[in-house]
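So the structure is just underneath, and the comments pick up after that.
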Amino acid sequence: MDEYWIRLSPLLAIMAALIGLLFWWRWRSDRKEERAHVDALTALAGTLGGRVVDPAESGAWSAGLLAPMRGETDGLVNRLGTVSRPRFDTALEFRRGEWSVRVGEASVKKVAQNGTRTDYEHRIEVATSRLAPMRISRRNHGGTNSWGRPRPADDVSAQGGELVREVPVTVAAEGGRWHRVAFPPGPFDAQFAVFTGDPAAVSGLLDPETAEYLLDQAHGLPSVLHFEAGLVFGTRPGRIGPGHTLDAVDAVLGLLDRMGVAPARPPSAG
């Protein structure tokens with residue numbers, strides 16, 4: 001038996017070396033990708049006259065209002081498949097006209113067939129004057145659920161999803177109520193669900209011009225827009241990128257302009 005293992009030891013050593021080499025190559029590849037991403041963010045910040053924040057400041061302005069990677073960690077199945085705690089990794093801060101903007105990037109490691117994978121999202125935040133708390137969510141009709149079955153017409157995603165219905169932190173703290181805003185049947189009502197603590201105030205913000213803009217920009221905006229505590233924010237899947245991220249920022253700012261919302265000084269990051 002000892003002789004068998006002695007003969008096998010060179011093969012085992014080679015296998016161990018190959019496994020070690022594979023892990024080293026993957027680590028080196030990830031490091032190279034991260035350096036390239038940091039360089040791209042730094043270049044983007046330079047063109048915008050902004051900055052990449054220090055890692056210690058990477059938490060979002062709205063961190064206390066919405067946890068990072070919420071869609072990837074909600075529910076038992078998602079939690080069981082999560083390897084690391086969701087976290088904000090980096091952020092850009094810049095001004096776009098009169099608006100103070102922050103775009104933060106968050107990540108979480110998830111179980112995958114070949115080990116683990118890292119999922120990303122980026123959160124767009126704009127500092128605004130105080131508004132009635134509100135969420136605007138795109139309604140997703142059709143498609144399939146997590147079991148591959150067609151979604152029924154009354155599925156929660158067709159009503160705007162779970163997040164839009166959840167009472168915001170600030171509304172809950174004040175004991176306020178959370179209402180769905182009723183709109184006349186039509187294209188806007190078919191595409192969007194709106195919830196708020198003050199329906200009268202919100203109906204004044206969402207005039208026909210604003211509703212038309214939301215319909216035109218539906219796929220360029222975050223799927224859920226939050227108006228809360230002097231911030232307007234929403235998340236999009238994937239990492240920060242010069243083209244699609246700035247397009248989404250400008251879509252949000254265009255909406256705020258049409259609503260007549262005023263810019264404000266930014267808060268400190270959470």
Exercise. Calculate, for Thr170 and Asp207, the FRET efficiency according to 1/(1 + (r/R0)^6) with r their C-beta to C-beta distance and R0 30 Å; round to the nearest 0.05.
Key: 0.75
Quiz item: Which order results if Thr245, Thr73, Thr47 are arranged by neighbouring Cβ count within 10 Å, fewest first?
Solution: Thr47, Thr73, Thr245
Quiz item: What is the local net charge at Thr42, summed over the other residues whose Cβ is closer than 11 Å to its Cβ (Lys, Arg +1; Asp, Glu -1)?
Solution: +1
Quiz item: Got a sec to turn the phi values of the range 212-228 into Karplus ³J(HN,Hα) couplings, 6.51 cos²θ - 1.76 cosθ + 1.60 with θ = phi - 60°, whole Hz, x for Gly and Pro?
Solution: 5, 5, 4, 5, 5, 9, 3, 8, x, 8, x, 5, 10, 9, 9, 10, 6
Self-check item: For Met69, residues with placed amide H under 5 Å, excluding near neighbours
Solution: none
Exercise. State, to one decimal in nm, how far the label point of Arg35 lies from the label point of Ser84, with both points 7 Å from Cα in the Cβ direction.
Key: 1.9 nm
Exercise. Take each of the peptides 61-71, 117-127, 162-172, average the number of other beta-carbon atoms within 10 Å over its residues, and list them starting from the highest.
Key: 117-127, 61-71, 162-172
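Would you work out the charge dipole size for the range 156-216 about its Cα centre, treating the Cβ of every Lys and Arg as +1 and the Cβ of every Asp and Glu as -1, and quote it to the nearest 20 debye?
The calculation lands at about 280 debye.
Give me the extension gain from Asp247 to Glu57: residue separation times 0.36 nm, minus the current Cα-Cα distance, reported in nm with one decimal.
On the way: separation 190, 0.36 × 190 = 68.40 nm, distance 2.46 nm.
Working it through step by step, the gained length comes to 65.9 nm.
Might you report the magnitude of the Cβ-based charge dipole of the range 50-259 about its Cα centre, with Lys and Arg at +1 and Asp and Glu at -1, to the nearest 20 debye?
700 debye
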Quiz item: For the pair Arg130 and Lys109, how long in nm is the line joining their label points, each one 7 Å along Cα→Cβ?
Solution: 4.3 nm
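Where a number appears in this text, it was derived from the coordinates with a stated rule and is not lab data. For clarity, every value in this text was computed on a predicted model and none was experimentally measured. Positions of Cβ are generated from backbone atoms using ideal geometry, with glycine treated the same way; all protein chains shown enter the neighbour counts.
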